[in-house]
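Chemist: The structure is given below, and queries will be raised subsequently.
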Amino acid sequence: MKYVLLICDDETVSPSMEEIAADPAYRAYGAEVERRGAVLGGARLRPVADATTVRVRDGETLVSDGPFAETKDFVGGIDIIECADLDEAIAIAARHPYASRGCVEVRPVWE
């Protein structure tokens, strides 16, 4: 079964790409997901200041700068994994370094 891990955190205190690359916890997480053969894809997202929100209301396209919600925690990235079941997806999410500082939402993918 496929799952998307939504990596959420307060982006005002998020590490840089260089810090992530040098952090042993991130390397260990990547190695574990690779070892399980669960990696399907993923990406880190740019800050919410770079976001554009699109809504269509009554046939009119409304475009606004920024995120869709006012909140401290934002989705900062995604991992797409394939696992045997939800328990395995939870085990992988629990190993993600952001699980101990923000949160990781596990969401099944429609197939």
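Chemist: Just to be sure I understand the filter: pairs with C-beta atoms under 7 Å, separated by 6 or more residues or on different chains, first member in region 23-41 and within 15 Å of Ala91 (Cβ to Cβ), second member open to solvent by 40 Å² or more (accessible area, probe 1.4 Å). Which pairs pass?
Modeler: Tyr29/Arg95; Glu32/Arg95; Val33/Val39; Ala38/Glu82
Chemist: Right, something else. If you scan region 20-69, which residues turn out to be open to solvent by 50 Å² or more (accessible area, probe 1.4 Å) and among the β-branched types (Val, Ile, Thr)?
Modeler: The answer is Val39, Thr52, Val54, Val56, Thr61, Val63.
Chemist: List the strands (runs of 3 or more DSSP E) inside region 26-111, counting only whole elements, that have at least 2 residues being of a type outside the set (D, E, K, R) and over 17 Å from the mean Cα position of the chain (by Cα).
Modeler: Those strands (runs of 3 or more DSSP E) span 52-57, 60-65.
Chemist: Let me ask another. Against the condition open to solvent by 50 Å² or more (accessible area, probe 1.4 Å) and not hydroxyl-bearing (Ser, Thr, Tyr), how does Glu11 come out, does it pass?
Modeler: Working: open to solvent by 50 Å² or more (accessible area, probe 1.4 Å): yes; not hydroxyl-bearing (Ser, Thr, Tyr): yes.
Yes: the conditions hold for Glu11.
Chemist: Also, quick follow-up: Does Ala84 count as among the small types (Gly, Ala, Ser) and more than 19 Å from Glu11 (Cα to Cα)? Talk me through it step by step, then tell me what you get.
Modeler: On the way: among the small types (Gly, Ala, Ser): yes; more than 19 Å from Glu11 (Cα to Cα): yes.
Yes; evaluated as a whole, the condition is true for this residue.
The values are calculated or read from the model by the stated rules, or taken from the named source; none is laboratory data. In this text, all values refer to a predicted model and were calculated from it rather than measured experimentally. Quick reminder, even Gly has a Cβ in these numbers, built from the backbone with ideal geometry, and neighbours come from all protein chains shown. These accessible areas exclude ligands, DNA and RNA; they are computed on the full protein's heavy atoms, side chains included. Shrake-Rupley method; radii C 1.70, N 1.55, O 1.52, S 1.80 Å.
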